[in-house]
Amino acid sequence: MFFKYRTQGFILKKEDRGEANQLFAIYTRDFGRIDVLGKAIRKISSKLRSGMEIFYLSEIEFIQGKIYKTLTDVFLIKKFQNLRKNLERLDIAYEVSEDLDNFVRGEEPDERIWQLLNEVFKKLNNLQFAICNLQLIYHYFFWNFVSTLGYKPELYFCTVCQKKLKPEKLYFSAKEGGIICPSCSKKIEDKIEIEPEVVKILRKILEKDWEILSRLKNIEEYLQSLETISENYSSLICRVAWQRGERRSDSFFELEEKNDNMNGYEEKKKF
């Protein structure tokens, strides 16, 4: 006997499996990140395919087999059409998807991540945002996301000497976990010089003060610095997660479908 489960989820990735199946990566409200198999969903006659496109928000129903979760019903909630029609918006959505796939391991629901995803996708779907603000949306997601995972950077005090930071030339050190002052920077090899304005932007990002962020002038001047330290911090977190065994060790859907049983609900896999 199979129990049916229902939840809402963002469709983040999909991969063709066999002749007509697809395997979906979904971040759900009640189960966290899950992989769900859509049986025969690529067939034109499938009633499930209309609600399972990438970056859709859908209510899904699935059953848990011995290996796979199998999709049994879907109801489309939101398409985010504006996001899907614009390349820049799509690029950011894919970056968000990659971060979730890289850093979220196992089925562990987190209401904070769920609400952050909702907020970010609504912003990406909003046509009022200019290109520079679209790029800022990614950094808004990234820094709040990693902070939720326990990697919140120190932005008010030097991470080395613990003295309060002043509005002067400052440095970011991923290894030290945040901002370091000019004096302590002489002792640190792996560091990135950043403007005081970038620190202020990061503070507002972690305060989730989008009203102020959306009104910032000349934001494009600081996007490259934000990109550099975001990539630097992401790389460090990846290394730490690998060492702890927390990061997903399998690339997306590194599962090989071997055979179906007579129910059509169970799959075997190998690594």
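What follows is calculated from the coordinates using simple rules that are stated; it is not laboratory data. As the structure is a computational prediction, the values presented were derived from the model and not from experiment. Note that we place each Cβ from the backbone using ideal geometry, even for glycine, and neighbour counts take in every protein chain shown.
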Sorted largest first, the C-alpha extents of the stretch 4-78 along its principal axes in whole angstrom are 30, 30, 20
In whole percent, the Cα-Cα distances of the stretch 137-246 spread across 10 Å bins from 0 upward as 14, 48, 32, 6, 0
Both in Å, the radius of gyration and Dmax of the C-alpha trace of the chain are 21.0, 69
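What number, rounded to the nearest 500 deg cm²/dmol, is the helix-based mean residue ellipticity at 222 nm of the chain, given -39500 (n - 2.57) per DSSP H run of at least four residues and division by all its residues?
Values: 8 runs with 94 residues, N = 271.
Computed mean residue ellipticity for the chain: -10500 deg cm²/dmol.
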Counted neighbours (other Cβ, 10 Å), sorted fewest up, put D101, D16 in the order D16, D101
Out of I67, W114, I219 - ranked by how far each Cα lies towards the positive end of the dipole of the chain, with unit charges on the beta-carbon of charged residues - the top one is W114
Taking only the alpha-carbon atoms of the stretch 77-193, the convex hull volume per residue, in cubic angstrom, is 140
Under the 7 Å Cα-to-Cβ spin-label approximation, E211 and K43 lie apart by a distance in nanometres of 5.4
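Just how large is the dipole of the stretch 1-121 about the Cα centre, in debye to the nearest 20, putting +1 at every Lys and Arg Cβ and -1 at every Asp and Glu Cβ?
Charge dipole of the stretch 1-121: 640 debye, to the nearest 20.
Distance cut-off 29 Å, Cα to Cα: go down the list K4/K208; K164/K208; K169/K204 and report the pairs above it.
K4/K208
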